[in-house]
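Report on the following structure.
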Amino acid sequence: MTSVLYDAPGPKARQRNILYTVGFLAVLALLAWWVLGTMADKEQLESKKWSPFVTDSRVWTTFLLPGLWETVKAAALSVLIALPLGAALGIGRLSDHAWVRTPVGVVVEFFRAIPVLLLMMFASAAFVQFTDIESEIRPMYAVITGLVLYNASVIAEIVRAGILSLPNGQTDAAKAIGMRKGQAMTFVLLPQAVTAMLPALVSQLVVIVKDTALGGALLGFSELMYQNRAITANYGANTIAALTVIALIYILLNFALTSFASWLEARVRKGKKGTGAVVDIKTVDAGGAGPGAG
């Protein structure tokens with residue numbers, strides 16, 4: 001099949017493609033064989049290291065499920081705070097008033113430029129110095145604070161890019177029927193921009209779920225990833241097995257999130273409230289304002 005952007009490969013090209021594919025699969029098989037062999041030499045494939053996840057319910061009730069709950073709780077609270085805050089900041093960046101637009105822009109760019117882990121560490125230090133929050137729950141507060149500050153600024157750019165991706169005629173039509181800017185934003189622009197923003201928003205929500213592990217690594221937050229230490233200490237140094245199971249849980253959790261978001265996006269698009277535009281999260285992360293910026 002030939003098109004403007006693609007020429008069908010000829011016989012020699014097809015042979016080369018087959019050879020490349022076979023070679024890649026061979027290299028992949030050798031790599032898998034080497035990894036499994038190394039794990040076997042280190043006694044990481046022994047059944048005693050994997051069987052607790054099937055035969056001992058305590059590994060789930062004591063470690064994995066409580067850790068999963070802490071991860072979901074921190075991520076959910078971060079999303080509930082970051083979404084409206086990010087939407088408000090994104091709308092603020094589009095304000096006609098410089099006294100609103102400029103400071104909001106400074107706040108967004110400042111927190112986008114700082115690594116989320118550094119924000120968590122700053123938050124933890126601030127809670128130690130200036131609050132009486134108990135040490136047992138302080139890591140969760142620090143994790144949520146860092147996630148909210150960083151992701152609200154990213155969501156602000158997603159919202160701004162989504163609104164700017166709409167045709168200028170939408171704003172003109174709203175003005176023509178006498179709507180003020182706030183009314184046009186609430187009833188015309190935001191509902192249509194939602195479909196453009198959904199893919200980027202979902203990508204950011206997945207990032208929030210995964211970034212909770214940073215709190216476990218350095219702040220002692222007892223989320224899912226942190227439970228690897230306790231499992232390894234109680235079940236015979238089965239680090240590889242524990243990390244594999246934890247990774248599978250993350251995959252299932254994020255798959256459920258993206259599946260729900262895809263279903264929601266399809267329903268929104270069926271409602272004919274979109275323009276077909278899509279915000280690219282890579283463009284937002286790189287500092288762009290989206291397709292409609294100019």
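Please list the three semi-axes, largest first and in whole Å, of the ellipsoid equivalent to segment 74-161, using sqrt of 5 times the eigenvalues of its alpha carbon gyration tensor.
Square roots of five times the eigenvalues give 26, 13, 10 Å.
For the pair A32/A247, report the inter-label distance in nm, with labels modelled 7 Å from Cα in the Cβ direction.
1.4
Expressed as an acute angle from 0 to 90° and rounded to the nearest 10, what is the orientation of the C-alpha long axis of helix 116-130 relative to the principal long axis of the chain?
Between helix and principal axis, roughly 90 degrees.
For the Cα atoms of the chain, what angle does the longest principal axis make with the long axis of helix 239-270, in degrees from 0 to 90, nearest 10?
Approximately 30 degrees, to the nearest ten.
Among T102, M197, W50, flag the residue with its Cα farthest along the positive direction of the charge dipole of the chain, charges on Cβ as +1 for Lys/Arg and -1 for Asp/Glu.
Positive-most Cα among the choices belongs to M197.
For the chain, set up a Gaussian network in which alpha carbons nearer than 10 Å are linked by springs, and say which option among F53, F127, F24 fluctuates the most.
F24
What does the charge count near F110 come to, summing +1 for each Lys or Arg and -1 for each Asp or Glu among other residues with Cβ under 14 Å from its Cβ?
Local charge sum for F110: 0.
For T102 and N168 in one chain, what is 0.36 nm times their gap in residues minus the Cα-Cα distance, to one decimal in nm? Spell out each step's value before the answer.
Details: separation 66, 0.36 × 66 = 23.76 nm, distance 2.28 nm.
Roughly 21.5 nm would be gained on extension.
What FRET efficiency do you get for L25 and L80 if R0 is 45 Å and r is their Cβ-Cβ distance, rounded to the nearest 0.05? Could the numbers behind the result be given before it?
On the way: r = 45 Å, r/R0 = 1.01.
After rounding to 0.05, the efficiency reads 0.50.
Relative to the first principal axis of the alpha-carbon coordinates of the chain, what is the inclination of helix 98-113, with its axis defined by its Cα atoms, in degrees from 0 to 90 and to the nearest 10?
10
Please compute the length gained on full extension between S51 and L118, using 0.36 nm multiplied by the number of residues separating them and subtracting their Cα-Cα distance.
Gain in length upon complete extension: 20.3 nm.
When the chain is modelled as a GNM with alpha-carbon springs shorter than 10 Å, which of I208, I177, I158 fluctuates the most?
I177
Given N residues in segment 91-214, what is Rg(Cα) / (2.2 N^0.38 Å)?
Expressed relative to 2.2 N^0.38 Å, the Cα Rg reads 1.31.
Using R₀ = 45 Å, calculate the FRET efficiency as 1/(1 + (r/R₀)^6) where r is the Cβ-Cβ separation of K210 and K175; round to 0.05.
About 0.60, to the nearest 0.05.
By count of other Cβ within 10 Å, fewest leading, how are I155, I91 ordered? Can you show the working numbers first?
Working: I155 29, I91 20.
By the 10 Å Cβ count, ascending, the order reads I91, I155.
Top mean-square fluctuation among A113, A242, A76, Gaussian network model of the chain, C-alpha springs under 10 Å?
Judging by the Gaussian network model, the answer is A113.
Restricted to Cα positions, what overall size does the chain have along the principal axes? Three whole-Å values, descending.
73, 73, 32
Here, each number is a calculation from the coordinates, and none is a lab measurement. The structure presented is a predicted model; accordingly, all values stated were derived computationally and were not measured. Reconstructed Cβ throughout: ideal geometry from the backbone, glycine too, with neighbour counts over all protein chains shown.
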